[in-house]
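Taken together, the values in this text are just the output of simple stated rules run on the coordinates, not laboratory data. Please read these numbers as outputs of a predicted model, since none were measured by experiment. Ideal geometry is used to build each Cβ from the backbone, glycine not excepted, and the neighbour counts take in all protein chains shown.
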Amino acid sequence: MMMQIISFRNVSVMLLLTAALACSAWSIFLTQATSDTVSPAVSTQPDAFMKQVVAIMLSRSGAPTLRVESPSMTHYTDNDSTQIETPHVVIYRESSQPWQVDAKHAVATHGLNTIHFSEHVVLHHPNDSDTTDTTLLTEGLTVFPDTEKAETDLPVTITQPNAMMQGIGMLSDLKEGTIRLLTQIRGQYVPDA
């Protein structure tokens, strides 16, 4: 009879250990499954997107300062950036004609404080009383809408009536209408025929 009690105790202990082991394994499985499906936001996951966007930023007095048009914009929270596809951006200033920027892609950071344009970038300003018709072509351009500045360290081609200039690197004050090429500057002037 003593052997049956010991055997019964051993079996009871074994059953309790097996149950505890099974519960532990089940708990570990649930923890791993939950952590795989409920992970924190990954940088490649957008938190918002918009289609057919036309956004106009206004000054404190209600005058337009910036207009952004795009067929698609996607925002990412982790670095507060917005991917803008085929952007058309208008930068208004005190003169009658605003600057316009077109490109294949752009990334805006911290709202619209900085916009990095890439691929087939065209910066254009139509003729007005302050500035002659000017078109700038490059593959990358950074625009700072708040300060109305633009810059690049890439090759640039600038065309104006009867003139073409090329260089590497450029700084521009869009408010003043000035463009300064930085290095390897070449120019060509073609008088009217």
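Worth a mention:
- Low-density loop cleavage sites - GluC sites (Glu not before Pro) in the stretch 68-138, where at most 13 other Cβ are within 10 Å (DSSP): E94
- Efficiency of FRET between D80 and T157 - r from beta-carbon atoms, R0 35 angstrom, step 0.05: 0.60
- ³J(HN,Hα) computed for each position of the stretch 164-170 - Karplus, 6.51 cos²θ - 1.76 cosθ + 1.60, integer Hz, glycine/proline x: 9, 10, 10, x, 10, x, 7
- Leading residue at positive end of dipole, the stretch 52-187 (Cβ point charges), from L123, A163, L182: A163
- Relative protection proxy for 166-174, 52-60, 126-134, 153-161, from highest mean packing down: 166-174, 153-161, 126-134, 52-60 (other beta-carbon atoms within 10 angstrom).
- Computed extension gain for F144 through R186, at 0.36 nm per residue and net of the alpha carbon distance, reaches 12.5 nm.
- Summed residue charge, Cβ within 11 Å of D47's Cβ, Lys/Arg positive, Asp/Glu negative: -2
- Förster radius 22 Å - calculated FRET efficiency between M50 and V90 (Cβ-Cβ, nearest 0.05): 0.80
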